[in-house]
Structure formats: structure tokens, C-alpha cells
């Protein structure tokens, strides 16, 4: 039972269920939508600031690259303009002393030129067409001069003598397995454009990295791409030397479309790509940011979800309690109301709970009050109406009765039977007196018996003494109270129905007390009747002429019910040919005077 | 729940402790008393590092639990790191043992008096070649374990000499004037230059003056001794004569120097014994080489046919773990004769431990040099090397002398050139 109640509380049909479901759904969705929006907004903000700072960082990287390039350009310019270098590279082999001077001047000159380089980690090699060469540090190119001359690098530089170009040289034996970035420039005679030597300026990839190394961190990587998409330098050591067309494509897109950044998915991971172009190197600086890693630092997803879930749970619990309390009084009200309709209208509601439920309860109680008032008024009115009807009937002395009685008296007088005539008149007067007085008054059994005897006497005067009436009244009942003329209709009924076709018979009237009840019986040995058929005859007496008042047998029953309630009333037993037995039950009442 | 949390906390602490520990050992140089590892710095993987690794292996046979790690750095890097570390006063990141070139040793010992550990009680200075002691000791205390010999010799191409009508004996124990004379003849007859020279490296001059017991500085190691240095004057004159003889192939760097003899361009190589492996690298010239004593200065009576170039020694830094490091050096490079045999046969290192010279390997004949017992030949020369104090400023003074030499070659008066160099050195090295 209890279980059923609690489940029914949660069912979506109840107010509680509805409110709770709505609150749960809306709380969760508000929490979700808010956090999603927040995450998105801050992601966007983060991305923007990130791209701004990283753009600045790239700018700084670019600047240091440009500074380095400026050094390289300065050095290559000075080398190209140096007559000593030109002489060293163009003159033929002479005697030891001259060669000595030439080599000394060359190294001296180069040392002087290179001293202007800010960066120490540059290996300079110059190869002349005359076979002479100069190296400031053999650690960069550990291979032979011939190997350097035979490299594609040498060829490419000769092909494009006008520009200083940067090349990526994969680590090999010639470079002690170190990848190099080599700037090369052809040294040309200004007037004849004849190439007399090639200048190589080598920087190890790991030293090249120092231009951006400080800005990198896990998930924030820098990659330097050449125009083929080959990675010439990167803090991701494993990717150096690889070719990435994808990155090149992104970098070119960023450059041509002037984008701040791009998001690229490579091998399952989403990466933010920022890029800038190094004009002088023909390289792209590409900044790769692992989006997941970067955002994970900003948004610890697990923590956000846990916190969100905790907040939602707590608020749902609070909502549950509040909704329960709000709807509780309403639920009680509903239960009380439903019990009212089942039983009676006197089940008033206890007022309590919120304002609304209190008002509702008050209104409901007021309605019950009104309803009860109305019903009692109605009952009272009906009772009064019935009483009035009965009183009217009682008072309605049948004129035929008077006529017949007076006609009988007249005959008695003509016959000279004076005493009997007088007695008859007196009986009639007494009878009339009782009838005229207040119909609701009760009288003692004794008085009622007198009235009955008067009535019987008058009837016997009219129809002869063939029908004998006997009274068996318990002496203690003589003072008991009963309504006026309550037995008379049954005597009358016996006279006119029980003995319609006969002139002899008897009627017994018996009055006794049974506990708190006064029982009166009127028994005759007349023709009797079929009760089912007699129903109509009783209620609608065919011969009204014979009746004393308008009160019929049926009215008596109604009157008793009206006066004393449904525990009391009239029962009739009758069979055709066996007579009729009427039993009448009324409460035992004794007037206070008589008691005293 | 609480227990689990405590366990978690404990494991985090433990992990971080492990992390910091591994970091410590990764930094390597800082070998505190907690870390027993000995760190060694050296620069040539084919020479001194290879030799040190042999020493480590030898030591491991008796002291298996002593870990020694050998780290390679360029020589310039080692000097820079040492200077930086010792200047800052923090020994953090410095090794236990470091290899220092003899020319530079004094400058370190004098500049950082307390930075090196006195090995006088670990090794006996008298066990080593005498000429090595001056550079590796200070104020009577032995700081370095002398390592490779810098004894020099004249490597000659017997085939070229033969073509020019000379024998090996014609070049044995000669003076530089005779050498120049032969050089001209060889050039005229074969077309080959006699030797290579780098104008920026006065190694030849250094060898010449050391053969006369002279140096750039006086015996105190600090006072420049350029002006009126008879040996130096003789060396300069000889050098100029050599250049003017037009028998010198000019090179500008080390690889051109190597290419000079490997390609067969030159007939002789006057340099230290450590060039032997490089000479032998050109297998096609096997049997065509011989080694004779270095020529001496003709006009300097003190000059002998023996000199030195290069060479280095091991030093123990005064950092935690110095006792273990000293013991390691004493038991290996300080005394182990067998180790020296290994180093000679496997790496080509001629050590300066006198006892090592008695070993088998030092008496082996070398077919590459026509069956000459080269190492055995070097030994007496080693004994003859005049002992000089390299002092603190060998390279600084040479930087001054290089341009002055050019001036001299260009026709300036020798006395003026040396006087200029003297005044520059005095003003710069104050």
C-alpha cells in the first residue's frame, strides 16, 4: 500500500511527478547548455589569445631568423667584395712564400669578416675554381673538399649564382651525421659575371633550433619547412628530414588566404597550425599546437564533468525536497477531499500548508458548510410540509360521516330512543373535539381508548351491534402517550373493508409495552385481503364516504415515520378469508405530568 | 578511502624522489659523495677517449663496482666549460677527471690553484718522462698524470728520397740547413714539395726552439722571452729559409695537412709521434715511410735532434669523488704497464710511463715503416727532449707571433719583428 503510494507519487500523472521531471530535465539541460556554451566561448577566446601570442612568438622567431640571415648576408657580401678572397680563389699556384702570404691573408681576412658574426656556430667553407679552399672549422664538413664540390649543393648554387640560398643537408659521414642548414652563394666577378668561387655557410640543425627552441614545449612544436615541404629543422627531432605536403599545403593556405591559424587533423590528432613565411630563406615557420593537449591544460574535462555532475546532483536533491514540501499539503488535501466524497459531507478538511492550499481548504470547508445547511433546511421544510399535509387531512372531517351519523341520530330521535340519541350526539361531540384540537399533540392511551369507543359506538349505532370490538390494554400502558387518532383508521378499515359483506365479527385492540416500544395491535376476523392487491385500495380508499377523516391507513405509517423515525411504523398481515392483523410500533413515551 | 589516498600520496612522493634522483645522475658531472660514478672528459674518440676506455675496462677487472663514464667534448668546449665552471666557483657539472693539453696545463694550474687535486701521493713523478713533469706539476706538487708522448720525429718518404738520390741515413741527425738543401734537391729531382706548413700554426717553430731548450717564455713561465731569444731567432731564420726554398706546400687547415702526405704530395712530415695512425691510414704507402730524428738548429749549440709537440695529461678536479678518481688513475694510467701495451697496439698511443717502454709492444717492428722499430726508436729521443716550462701563455704568444712571422717573411728586420712581438706580449699579458 505504502509502496504503491510512493510509486504513484513519482508517476508522471501526479503534480509532484510532473514538477520533478520538468525540474530534472531543465536543470540538467541548463547545466549542459551552460557548460557547453562556456567551454565553447572560452575555447574560442583561448584560441584567439593563443593565436595572438603565438603569432607574436612566430614574429619573434622570424625576427631572429632574419637577424641571422642579415649576418649571413653581411658576411657573404663582405666575402664577395673582398679582393683578398678573390685573389686567393683565382690566382694560380706560386712559390711557397707567395702561397704562404696568400693563405695567411685569406685566413686573416676571413677571421676579420667572421668576427662580425654574432653567432659562433657557423662553419664557413669557400671553394675556389682554382682548387683552393678555405674552412674556418672542419668540424662542420668532415668530408673532403672534393665531396663538397661534388655535391648537388655546389651544382645548385652555380645554377642560381645571383642569390643567397638556403639548403637542407641531411646528416651523413661528411657532416659527422649532423643535419646541416647550408647557406650558399656564388662568388662572381662583378663585371664579367664569372664565378670564381662558392661560399658555404653551414649551421648545424641543432644550432638552427636555438632561434625558436625556447618557445617550444610539449604539444607546442615548431617545424621549419622548405619550399618542397621538407622539414629542415624542428624541435621534433624525429621529423627532421621528412617531407610533409600536408603541412606545406596548410602553411601556403595560411599565407595566401591571410588566415590567423588553421586546424588540421593529422593522423587522428587535431592540430592548430600557425605559419609564417620566411622570404629570405624560402622557408615556412610552422607552429603546431596539439589542440587536445593545449585544451586539456585549460579544460580538465574530467574535473568539469565531475563538478557539473556534483552541482546537478545537489541541486536535484534540493529541488526534490522543495517540490515534495510544496506539493505535500496539496497531496493531503486531495486525499482528504476524496474521502469526503466517499463517506459524507461532514468530513471537514484540516487547514494547513501553503497559502493556495489553505485558501482551497477553507473554500472547500465553506462549501461543505453551505451544502449541509441547505440539506438540513430542505429536510426541515419537507417535514413541515408533510406535517401540514397530515394535519390538514386529520382535520378534514368527512361530511358524509357527519351526514350519516346525524341521519342515524335523527332516526333515533324519531323512534323516540332519546337516551341513545343523546349518547350518540355526545360521542360525536367528543370525537369532533379531539379532531379539531392540535393534531400534533399526543394523548394518553386512555384518552385514545375513549375516542375509539366513541367512534365504535357511533358505528354500532349506524350499522348495528353485529361487530364486537374488545380492548385488551395492559394497565401500565394507560398513561403512555401516542399521537391522536392513530388507531382509529385501522378500526375504520376493519369496519368498512373487513366486514363489508358481513354484519357480524369481532375486532380486538391490544396495547402492550415491549421494552422501549409501545405496541398496538388491531386484529379482525373479517374477510382479509390480498396484500399485494390491497396496496392500491389502502392508499386510495374507494369509498370516502365511510371515512371519518382524510387520514388513511397509509398516512398513519408515514406519520409515524415522520414523527419517530424509521425504527417505528406499521406492519399489516392479512390473507383473504382469514382476517387482518395490523401491528403498530411507536416509542414508549410518558408525559412528564403523568409520570409525576 | 583514506588509506587509498595515503598510498597514492606515498607513491607520488616516491616517484618524484626517483625522478629527482635520476636527474642527478643524468647531470653526470656533479658526482657528489652519494654518486660513486667517475666522469671523464676528453676530446678525441680515436685517440685519448679510446685509450681512456681501455683504462676503464682494465680497472673494471679489479673494481667492478666503480662506474666510470667517459664523455666526449671538443677541446675548445672543455676549456670553455672548465673556465666557466672554475671561475664561477661552483663545481657543479664539472667532471672528476679531465684531459688538458700540456701547453695549457700551467695556465689552469696557476689560475685555479685549489681546483685540482694533488696527486703527489698517488703517483711517482719520476716514473714518467722528465719533460712531461714541468707542465703537469706546480710548486713541487704533481697534479697531472702524464699521458701521451709528444716526442717528435721526421717522417720521410724513402721512395722519393731514393729518386732524388738520398738514403734514410742522409736525413738522420741532420740540421735544418741540410734539410733545406735536401729539400731543394728533392723538389728539383722529383717535383714534390718537402713538407706542408699552415701559416697560422707555428708548430714547427715551437719544435725548433724546444729542441734548443728554449720557449716563448722564460723559465718562470710568465715572462715573454722573444726579443733577443737566440733560439727563436734561429728558428725564424730557418723558417724563412724554408719558405724561400720554395719546397713548402701551404695548407690552411688540418685536413689539408693530412691530405698533404696521404695524397703523396710531400716527401717529409716533421711532427709528433701521434701522427703515426694518420700516416698509416693510407695503406697504399706501406713500406715507403721511415721515421728519423728531428733536424736540429744549426746555429744554436744547445739544439739537439729531439723535440716535442703536443701531448696532454690527465688531471683530477678537486670535487667530491676525487679520491676514487685519483685511485682510478693511479692504478691504471699511473702504473699499469700492460695497459700501455694495449694502448699502443690498439690505439697507437705512445705513453710516457718509463716502465711501459720495457714492454713487448714498444719493441715491435712496424712493417708499414719498412720493419723499423719505430716506438723503440722514439724512446731515446724522448729521453733527450730538453725540458722547458710551457708556462701559461703559449697560445696567446703564438697569436702575436703569427702575424709577426708574416711581417718577417715580408722582409722586415728580424730583430724589429721580435722586439715588436715582445712589447705586444708584455702589454697584453700583464
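The values are calculated or read from the model by the stated rules, or taken from the named source; none is laboratory data. Owing to the predicted nature of the structure, the values given are computational and were not obtained by experimental measurement. With ideal geometry, Cβ positions are generated from the backbone for all residues, glycine too; neighbour counts draw on all protein chains shown.
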Problem set entry | Any hit, segment A:27-49, residues being within 30 Å of residue A:193 (Cβ to Cβ) and surrounded by 13 or more Cβ atoms within 10 Å (Cβ to Cβ) | no
For this session: State the number of residues belonging to segment B:260-277 that are within 14 Å of chain A (Cβ to nearest Cβ) and surrounded by fewer than 19 Cβ atoms within 10 Å (Cβ to Cβ).
Result: 3
Problem set entry | Residues satisfying the stated conditions in segment B:385-411, i.e. within 18 Å of the chain's Cα centre (by Cα), surrounded by fewer than 17 Cβ atoms within 10 Å (Cβ to Cβ) and either under 27 Å from residue B:173 (Cβ atoms) or within 12 Å of another protein chain (Cβ to nearest Cβ) (or both) | B:387, B:389
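Within segment A:460-482, how many residues turn out to be in contact with a strand residue (DSSP E or B) (Cβ under 8 Å, 6 or more places away or on another chain) and not in a strand (DSSP E or B)?
Let us first name the residues in segment A:460-482 that are in contact with a strand residue (DSSP E or B) (Cβ under 8 Å, 6 or more places away or on another chain), namely A:460, A:466-474, A:476-482.
Now drop any that are not not in a strand (DSSP E or B), which leaves A:460, A:466, A:474, A:476-479.
Within segment A:460-482, residues that are in contact with a strand residue (DSSP E or B) (Cβ under 8 Å, 6 or more places away or on another chain) and not in a strand (DSSP E or B) number 7.
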Seminar exercise, completed: When restricted to A:63, A:69, A:54, A:48, the only residue more than 27 Å from the chain's Cα centre (by Cα), under 30 Å from residue A:201 (Cβ atoms) and modelled with pLDDT under 85 is A:54
For this session: Scan segment B:199-223 for residues that are closer than 17 Å to residue A:95 by Cβ and either away from chain A (no Cβ under 12 Å) or within 18 Å of the chain's Cα centre (by Cα) (or both) and report the count.
Result: 0
Exercise. Restricted to segment A:336-362, and to residues that are exposed (fewer than 11 other Cβ atoms within 10 Å of the Cβ) and farther than 20 Å from residue A:565 by Cβ, which residue is modelled with the lowest pLDDT?
Worked result: A:343
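This table checks each residue for (1) assigned to a loop (DSSP other than H, G, I, E, B); (2) in contact (Cβ under 8 Å) with a residue 60 or more places away in the chain; (3) in contact with a strand residue (DSSP E or B) (Cβ under 7 Å, 6 or more places away or on another chain); (4) more than 12 Å from residue B:212 (Cα to Cα).
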| residue | (1), (2), (3), (4) |
| --- | --- |
| B:269 | no, yes, yes, yes |
| B:276 | no, yes, no, yes |
| B:279 | no, yes, yes, yes |
| B:284 | no, no, no, yes |
| B:291 | no, yes, yes, yes |
| B:298 | yes, yes, yes, no |
| B:310 | yes, yes, yes, yes |
Exercise. Looking at (1) touching a residue at least 12 places away in the same chain (Cβ under 8 Å); (2) outside any helix (DSSP H, G or I), which is the only condition residue B:412 fails?
Worked result: (1)
Seminar exercise, completed: Over segment A:142-186, the set of residues within 14 Å of another protein chain (Cβ to nearest Cβ), out of contact with any strand residue (DSSP E or B) (no Cβ under 6 Å at 6 or more places or on another chain) and outside any helix (DSSP H, G or I) is A:142, A:143, A:144, A:176, A:177
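Confirm whether residue A:443 is in the same structural domain as residue A:410 (by TED's automatic domain parsing) and surrounded by fewer than 18 Cβ atoms within 10 Å (Cβ to Cβ). Walk me through how you get there before you give the answer.
Details: in the same structural domain as residue A:410 (by TED's automatic domain parsing): yes; surrounded by fewer than 18 Cβ atoms within 10 Å (Cβ to Cβ): no.
Here the answer is no, as residue A:443 does not meet what is asked.
Before we move on, is residue A:476 assigned by TED's automatic domain parsing to the domain that holds residue A:590 and at pLDDT 85 or above? Before you say what the answer is, go through the steps one by one.
On the way: assigned by TED's automatic domain parsing to the domain that holds residue A:590: yes; at pLDDT 85 or above: yes.
Considered against the rule, which asks whether it is assigned by TED's automatic domain parsing to the domain that holds residue A:590 and at pLDDT 85 or above, residue A:476 comes out as yes.
Each row is one residue, and each column tells you yes or no for (1) without any contact (Cβ under 8 Å) to a residue 24 or more places away in the chain; (2) assigned by TED's automatic domain parsing to the domain that holds residue B:71.
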| position | (1), (2) |
| --- | --- |
| B:97 | no, yes |
| B:108 | no, yes |
| B:116 | no, yes |
| B:131 | no, yes |
| B:159 | no, no |
| B:171 | no, no |
| B:180 | no, no |
| B:185 | yes, no |
For this session: Give the residue, chosen from B:247, B:251, B:190, that is within 13 Å of chain A (Cβ to nearest Cβ), at pLDDT below 95 and over 24 Å from the mean Cα position of the chain (by Cα).
Result: B:247
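Report whether or not residue B:419 is surrounded by 22 or more Cβ atoms within 10 Å (Cβ to Cβ), assigned to a helix (DSSP H, G or I) and more than 14 Å from every other protein chain (Cβ to nearest Cβ).
Numbers: surrounded by 22 or more Cβ atoms within 10 Å (Cβ to Cβ): no; assigned to a helix (DSSP H, G or I): yes; more than 14 Å from every other protein chain (Cβ to nearest Cβ): yes.
No; evaluated as a whole, the condition is false for this residue.
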Exercise. Within segment A:108-135, how many residues turn out to be within 9 Å of chain B (Cβ to nearest Cβ) and surrounded by 21 or more Cβ atoms within 10 Å (Cβ to Cβ)?
Worked result: 4
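Kindly check whether there is at least one residue in segment A:119-141 that is at pLDDT 80 or above, part of a loop (DSSP other than H, G, I, E, B) and out of contact with any helix residue (DSSP H, G or I) (no Cβ under 9 Å at 6 or more places or on another chain).
First, pick out the residues of segment A:119-141 that are at pLDDT 80 or above: A:122-136, A:140-141.
Next, from what is left, pick out any that are part of a loop (DSSP other than H, G, I, E, B): A:122, A:129-132, A:136, A:140-141.
Checking which are out of contact with any helix residue (DSSP H, G or I) (no Cβ under 9 Å at 6 or more places or on another chain) leaves us with none.
The answer is no; no qualifying residue exists.
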Problem set entry | Matching entry among A:333, A:274, A:298, A:278 (being in contact with a helix residue (DSSP H, G or I) (Cβ under 6 Å, 6 or more places away or on another chain) and within 22 Å of residue A:19 (Cβ to Cβ)) | A:333
For this session: Quick one: in segment B:233-243, of everything that is out of contact with any strand residue (DSSP E or B) (no Cβ under 9 Å at 6 or more places or on another chain) and under 14 Å from residue B:199 (Cβ atoms), which residue is farthest from the other protein chains (Cβ to nearest Cβ)?
Result: B:236
Exercise. For residue A:98, all conditions in the list (1) within 12 Å of chain B (Cβ to nearest Cβ); (2) surrounded by 17 or more Cβ atoms within 10 Å (Cβ to Cβ); (3) without any contact (Cβ under 8 Å) to a residue 40 or more places away in the chain hold save one; what is the number of the exception?
Worked result: (2)
